[in-house]
1. For the range B:136-148, name all the residues that are under 18 Å from B:F89 (Cα atoms), assigned to a helix (DSSP H, G or I) and away from chain A (no Cβ under 12 Å).
2. In the range B:2-27, what count of residues is obtained for those that are surrounded by 14 or more Cβ atoms within 10 Å (Cβ to Cβ) and either under 22 Å from B:V163 (Cβ atoms) or in contact with a helix residue (DSSP H, G or I) (Cβ under 9 Å, 6 or more places away or on another chain) (or both)?
3. Going by the structure shown, is B:F63 modelled with pLDDT of 90 or more, assigned to a strand (DSSP E or B) and surrounded by fewer than 21 Cβ atoms within 10 Å (Cβ to Cβ)?
4. Among the residues of the range B:149-197, how many are within 14 Å of another protein chain (Cβ to nearest Cβ), of a type outside the set (A, V, I, L, M, F, W, C) and not in a loop (DSSP other than H, G, I, E, B)?
5. Return a yes/no flag: does the range B:103-120 have any residue that is closer than 24 Å to B:L77 by Cβ, of a type in the set (S, T, N, Q) and crowded, with 19+ Cβ neighbours inside 10 Å.
6. Pick from B:V101, B:V95: which is closer than 20 Å to A:Y9 by Cβ, out of contact with any strand residue (DSSP E or B) (no Cβ under 6 Å at 6 or more places or on another chain) and within 8 Å of another protein chain (Cβ to nearest Cβ)?
7. Inside the range B:52-61, can you point out the residues that are within 14 Å of chain A (Cβ to nearest Cβ) and under 15 Å from B:G216 (Cβ atoms)?
8. If you take just the helices (runs of 4 or more DSSP H) that sit entirely in the range A:196-313, which of them hold at least 1 residues that are within 14 Å of another protein chain (Cβ to nearest Cβ) and modelled with pLDDT under 80?
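The values are calculated or read from the model by the stated rules, or taken from the named source; none is laboratory data. Here the structure is a predicted model, which means the values were calculated and not measured. With ideal geometry, Cβ positions are generated from the backbone for all residues, glycine too; neighbour counts draw on all protein chains shown.
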Amino acid sequence: MRDKFLLAYRSIRERRTRSILTVLGIAVGIAAIVSLMSVGYGLEEAIGGELTGFADLISVVPGKISGATYVELGGFTDRDVKDLQRIGGIKDIVPMALAAAEVEYRDERIPIFIFGGDSKELGDFYVEPVGLKEGRWLRDNDYKACVIGDRVANELFDEVIHVNDKLLINDEKFIVIGVFEKASTLYSADVDPNIFLTLRAAKDALQTDEIQYILIRVYNIDEAEAIAEEIQDAINDNHGVDDFATAITMGSALEQIGTVFDIVRGVLVGIAAIALVVASIGIMNTMLMSVMERTHEIGVMKAIGAKSSDVLSLFLLESGMVSLLGGLVGCGSGVIVAKVISLAASTALGIEMIAVVKPAVLLGGMAVAMVVGVLSGFYPARKASQMSPVEAVRYE
Amino acid sequence: MIHTEDLTKVYRMGDVEVYALRDVNLAIQDGEFIAIKGPSGSGKSTLLNMIGCLDTPTSGSIFIDNIDVATLNENELAEIRREKIGFIFQQFNLVHTLNAVENVALPLFFSGVKRETRLKRAEEQLVKVGLGDRIYHKPSELSGGQQQRVAIARALANDPEVVIGDEPTGNVDTATGNAIMDILEGLNKEGRTVIVVTHDAEIAARAGRTKRMRDGKLLDEQ
């Protein structure tokens, strides 16, 4: 057996350039699979990891979510909030008022989303992860004060807004007491384009008593699903509508994200599979050319006593070795590419992301390389083994 | 002993049937040195390929040691080629990726002989044909005559009873050709059956017996 390896190795080395190109062909396919899968897992872990920090949260919205559509059915009342306080297992209830309002700064009027809530809870939520660039966060007794997101401060208006500047929100005067840093991708939509007020100030400014969003924190994550059911039932009872409220636990959100990532991974693997098909055509081509080129040699081998199975195994071994090498190179470069991509993505998206290289992915990559190599080597090898010795010897 | 009975080989070229061999009856005794002479296209190489088990007849039979080789399957034919017959080609037909000693050892490789034994035996054969100082040379580093001697050493690797040469001197100069014929004569003296195909009368004259062929038919003995 060792000798067959040696013989196959000689013939690979003899056709060095072409062998290297074939190895590269397979390597690219395998590297694509390994790197895309690893980046996919890394992304999932990065986003999942940030979200697991919120695993004890339940968001309650007044409306019905089915698939990608959300139909808002009004707002929650103070009575809803009071009823929720009677449900066991709930640690905090953070009712929020949110709606768009006309905001004026130095004679420019722009509609901006207003976020009103318990100052302490909102602060825990956003100030800690995002950070303030200027000023301070809201306190309970701040009434005509607001904290603004980075886009509000720097982009929406012609002139940059700083602490102590004054804004008109629905024609009421507010003083800017804090400006957020630019938020990472995860928080960007929540913070950057918005203005934050205390709940009381927001209700006044938006001229509403309704609450559009309730954030619940539970003691025990395992009870979250059951509590979410109770919350929905309690609020639905108050409003006499079956699907008035939707309570989403972070757990179920995580599950949904998992499903999305399965799809993303599927697409990535599909792309990589195309690369592999191309690579396998490459191997087949190389091996067929090798068979053609060596027709004469095959004839000679048969003339001096090689069996068809000897020739078959020699050629299969050759394509097997090429694909093994391709698999190794592919796995190695796939890991490197995955690290580079995740580094670049971390910088670009502003989230901490590390490519997750699973041993199963590497093993799978090697297995795919071998299967592809041997399968695409089989036809040429069989062709070689079935040649008539006399015709093969005569072939020049 | 090798003998053929009404050996016929027909090639089909489109609608035309070409008789490469027509009812050839030939008996070759063990230990004989026979030359088959004839112009190109006379069918002598086809006959040699049949005897060498490289090709199968359209009709008729070839018996090698009373085995009808036409009835054998691929693997059995390969075994006869490997164990009983040493084939020498006009074009030498060495494997150019392997050096001299590896080329000679190749038939032993297919016989399943261990590497050390194989290379030792191959080296002995190379010494025997006078190439003891060239055993690690690649075919491209050897002259035509040297390559043919490597090919002879390869043909002898499995210690065959029959050595077959298809124009073994066709690609070398006269002096080298004579040297190669010396080696073949020596093999015959060792008791091996030697069958040579040639169109060179001088070469043919060195054989114990000469047969002539024309148009696929064996002519009467002279």
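1. Correct list: B:G144, B:G145, B:Q146, B:Q147, B:Q148.
2. Initially, the range B:2-27 is screened for residues surrounded by 14 or more Cβ atoms within 10 Å (Cβ to Cβ), giving B:2-5, B:7-10, B:19-24, B:26.
Still in the running and either under 22 Å from B:V163 (Cβ atoms) or in contact with a helix residue (DSSP H, G or I) (Cβ under 9 Å, 6 or more places away or on another chain) (or both): B:2-4, B:7, B:9, B:20-21, B:24, B:26.
Result for the range B:2-27: 9.
3. Working: modelled with pLDDT of 90 or more: yes; assigned to a strand (DSSP E or B): yes; surrounded by fewer than 21 Cβ atoms within 10 Å (Cβ to Cβ): yes.
So B:F63 fits the description; yes.
4. Final tally of qualifying residues: 3.
5. From the range B:103-120, those closer than 24 Å to B:L77 by Cβ are B:103-113, B:118; that's our starting set.
When the remaining residues are screened for being of a type in the set (S, T, N, Q), the result is B:103, B:111.
Retained after the next criterion (residues that are crowded, with 19+ Cβ neighbours inside 10 Å): B:103.
Checked the range B:103-120: at least one residue is closer than 24 Å to B:L77 by Cβ, of a type in the set (S, T, N, Q) and crowded, with 19+ Cβ neighbours inside 10 Å.
6. Values: B:V101 fails: within 8 Å of another protein chain (Cβ to nearest Cβ).
From the options B:V101, B:V95, the qualifying one is B:V95.
7. So the first thing to find is which residues in the range B:52-61 are within 14 Å of chain A (Cβ to nearest Cβ), and the list is B:52-58.
Once the filter is applied, which keeps residues that are within 14 Å of chain A (Cβ to nearest Cβ) and under 15 Å from B:G216 (Cβ atoms), the range B:52-61 yields B:D55, B:P57, B:T58.
8. Details: elements: A:199-206, A:224-239, A:250-293, A:295-303.
Correct list: A:250-293.
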